[in-house]
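Report on the structure given below.
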Amino acid sequence: MKKILVIGACGQLGTELTLKLRDLFGVENVVASDLREAVDLIKDGPYEQLDVMDKSRLDEVISTHDIDQIYHLAAILSARGEQNPMLAWDLNMTSLLNVLETGRDRITKIYWPSSIAVFGPDTPMVQTPQTTVMNPNTVYGISKLAGERWCEYYFQKYKVDVRSMRYPGLIGYKAKPGGGTTDYAVDIFWKAILDKSYECFLKPDTLLPMMYMDDAVKATIDLMQADPAALKVRSSYNISGMSFSPSMIYQEISKRYPDFQIEYNPDFRQQIADSWPDSIADDQAREDWNWSPSFDLAKMTATMLDNLEAQLVSTK
Ligand code: NAD
């Protein structure tokens, strides 16, 4: 079997996606890679320390392992991007173009994630449609929108089989988030258990689209397995899991932790969150590749708390 390369495998999504791909296709067939040294959870399989900005090193890794498919996840996310816009633009664009170029000769399938950050303040906020006004006002959103256009360009012009979806905020317990505006929805669980109090950087009523990690990983693998003829969107698919605000998740966690306290001190991330949709319409993904989520707020909260509690007990 030819092999899969995951780029950005030590990140919040990459760690969990690598574990699932190794479950499905065999540990030896999934090469994990990242700029940094391998994190513990993915250490037991093939690993390459790789800077995806270095195209010749990327080509070398592809040849060494006989790579056939790439999941390209390396990026600088929304909040970190605003702190260093030029670095975010450079990494998010150059890395994608390096990977898309490999699709012109040797790689048969590429996955690259976009984000709800492609939308902006002029976008309809409720049940945001697949095709709509998109005027993103963060460097991250601008880079993801440009990336979507590049993906469609490479598909149309060079027949590169590149697939993509616009993730909402991702929530999981295995890896910590890497600098996005929705990171609060992971941090709040850790703080609820460890400190019984949380200082939130968004206002209580800030409604945002979110997704539990298992749903995101399943969606990603399902999209990559889908019949190419069924895929009508070659920029990036809308997908939806759930929508909630900080006060809603606080109330849900308080059912198990009645003493849990929250304080709201919005910072620069509030402005980013305000420019993003409240909820996403994902009919096209449901129609083309049978997408449907399994986790709502209650199920996600219970799963996060169960797993974090178990993790903390085992490390005591
Ligand atoms: P993350 O920040 O947790 O992980 C990104 C990884 O990329 C890190 O491990 C980092 O070391 C690595 N990386 C950075 N520069 C690199 C380079 N030059 N070469 C190789 N690796 C490099 O991000 P994540 O949350 O796992 O996100 C993965 C993808 O999903 C990104 O494209 C992101 O834009 C997208 N996405 C994530 C979310 C979310 O809520 N996490 C939401 C929407 C979209």
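The values are calculated or read from the model by the stated rules, or taken from the named source; none is laboratory data. As the structure is a prediction and not an experimental result, all values here were calculated from the model. Note: ideal-geometry Cβ built from the backbone for every residue, glycine included; neighbour counts use all protein chains shown. To get the accessible areas, we keep the full protein, side chains included, count just its heavy atoms, and leave off ligands, DNA and RNA. Shrake-Rupley method; radii C 1.70, N 1.55, O 1.52, S 1.80 Å.
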Boolean, residue 43 is more than 10 Å from the ligand (Cβ to nearest atom) and either under 21 Å from residue 112 (Cβ atoms) or touching a His at 6+ places or on another chain (Cβ under 8 Å) (or both): no
Neighbours by Cβ (under 7 Å, 6+ apart or cross-chain): first from the range 285-304, acidic (Asp, Glu); second outside any helix (DSSP H, G or I) and open to solvent by 60 Å² or more (accessible area, probe 1.4 Å): 288/232
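Residues in the range 304-315: is at least one among the hydroxyl-bearing types (Ser, Thr, Tyr) and either crowded, with 16+ Cβ neighbours inside 10 Å or touching a helix residue (DSSP H, G or I) at 6+ places or on another chain (Cβ under 7 Å) (or both)? Reasoning before the result, please.
Keep residues of the range 304-315 that are among the hydroxyl-bearing types (Ser, Thr, Tyr), which gives 314-315.
Filter once more, so that each one left must be either crowded, with 16+ Cβ neighbours inside 10 Å or touching a helix residue (DSSP H, G or I) at 6+ places or on another chain (Cβ under 7 Å) (or both): none.
No, the range 304-315 contains no residue that is among the hydroxyl-bearing types (Ser, Thr, Tyr) and either crowded, with 16+ Cβ neighbours inside 10 Å or touching a helix residue (DSSP H, G or I) at 6+ places or on another chain (Cβ under 7 Å) (or both).
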Qualifying positions in the range 161-182 - surrounded by fewer than 22 Cβ atoms within 10 Å (Cβ to Cβ) and either more than 16 Å from the ligand (Cβ to nearest atom) or within 18 Å of residue 275 (Cα to Cα) (or both): 161, 179
Residues of the range 184-210 that turn out to be surrounded by 15 or more Cβ atoms within 10 Å (Cβ to Cβ) and in a loop (DSSP other than H, G, I, E, B), as a count: 5
Selection count, the range 211-242, where residues are open to solvent by 20 Å² or more (accessible area, probe 1.4 Å) and among the hydroxyl-bearing types (Ser, Thr, Tyr): 1
Of residues in the range 73-103 being touching a Leu at 6+ places or on another chain (Cβ under 7 Å) and under 26 Å from residue 270 (Cβ atoms), the one nearest to the ligand (Cβ to nearest atom): 75
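In this structure, is residue 106 within 14 Å of the ligand (Cβ to nearest atom) and open to solvent by 60 Å² or more (accessible area, probe 1.4 Å)? Outline the logic, then answer.
Values: within 14 Å of the ligand (Cβ to nearest atom): no; open to solvent by 60 Å² or more (accessible area, probe 1.4 Å): yes.
When the stated conditions are applied, residue 106 does not pass them.
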Within the range 109-132, considering residues that are within 12 Å of the ligand (Cβ to nearest atom) and aliphatic (A, V, I, L, M), the one farthest from the chain's Cα centre (by Cα): 118
Residue list for the range 198-256, filter: touching a Phe, Trp or Tyr at 6+ places or on another chain (Cβ under 6 Å) and without any contact (Cβ under 8 Å) to a residue 40 or more places away in the chain: 254
Residue identified as in a helix (DSSP H, G or I), open to solvent by 10 Å² or more (accessible area, probe 1.4 Å) and within 14 Å of the ligand (Cβ to nearest atom) among 153, 140: 140
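Hey, any hits in the range 195-210 for a residue that's more than 18 Å from residue 262 (Cβ to Cβ) and more than 8 Å from the ligand (Cβ to nearest atom)? Give the derivation first.
Our first condition is that a residue be more than 18 Å from residue 262 (Cβ to Cβ); within the range 195-210, this holds for 209.
Now narrow it down to the ones that are more than 8 Å from the ligand (Cβ to nearest atom): 209.
Looking through the range 195-210, at least one residue is more than 18 Å from residue 262 (Cβ to Cβ) and more than 8 Å from the ligand (Cβ to nearest atom).
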Hits in the range 260-316 (condition: in a strand (DSSP E or B) and of a type in the set (S, T, N, Q)): 261
Selection count where residues are within 14 Å of the ligand (Cβ to nearest atom) and closer than 20 Å to residue 109 by Cβ, scope the range 22-40: 3
Matching helices (runs of 4 or more DSSP H) fully within the range 1-97 where at least 2 residues are buried (at least 24 other Cβ atoms within 10 Å of the Cβ) and out of contact with any Cys (no Cβ under 8 Å at 6 or more places or on another chain): 12-25, 78-83
Matching residues, the range 126-137, being in a loop (DSSP other than H, G, I, E, B) and either surrounded by 16 or more Cβ atoms within 10 Å (Cβ to Cβ) or without any contact (Cβ under 8 Å) to a residue 60 or more places away in the chain (or both): 130, 131, 132, 133, 134, 135, 136
The range 10-24 residues that are over 16 Å from residue 77 (Cα atoms), paired with ones that are among the hydrophobic types (A, V, I, L, M, F, W, C) and near the ligand (Cβ under 6 Å from one of its atoms) (beta carbon under 8 Å, 6 or more apart): 17/73
